[in-house]
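The next block holds one structure in the form of C-alpha cells; read it before the comments.
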Amino acid sequence: MTRARILQAVRQMRFDELCARRQQRTVTMAEAAEMLRVAERMFRRWSGRYGVPGVMERKVTGKPCGLNRRSH
C-alpha cells in the first residue's frame, strides 16, 4: 500500500468518525472541519456526499492539480 493510499484511508476514517459525532451533535461543523484541518465549507461539501470517494484529495498523491498552471 502506498503512502498516499494510507493517508487517504486515515482521512476517510477520521471523516467518518467526525460525521458520526456531528450527527450526534457532540461537535459543531466548524469544530469538525478544524479537526480535519479543512475549511468549514469543504467539510459541508464532503458531508453532503457522505461516504463518497470525493473526500479523497488528489494533492496527497503528489501530482500537480493544474489550477496553478498558466495557459500560454
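Bear in mind these aren't lab numbers, they're just calculated from the coordinates by the rules spelled out. Please read these numbers as outputs of a predicted model, since none were measured by experiment. Virtual Cβ from ideal backbone geometry, glycine too; neighbours counted across all protein chains shown.
Computed values, structure above
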quantity	calculated
Point-to-point label distance, Met42-Asp16, nm (Cα→Cβ direction, 7 Å offset)	2.1
By average C-beta atoms within 10 angstrom, highest first, the peptides 16-26, 31-41	31-41, 16-26
Dimensions in Å of the stretch 3-56 - Rg and Dmax from alpha carbons	10.4, 33
For the stretch 26-33, 3J(HN,Hα) per residue [Karplus equation, 6.51 cos²θ - 1.76 cosθ + 1.60, θ = phi - 60°, Hz, x = Gly/Pro]	8, 9, 8, 5, 5, 5, 4, 4
Rough spin-label spacing in nm, given labels placed 7 Å along Cα→Cβ, for Glu34 and Arg49	2.7
Distance in nm between pseudo-label sites at Thr2 and Thr26 (7 Å out along the Cβ direction from Cα)	3.5
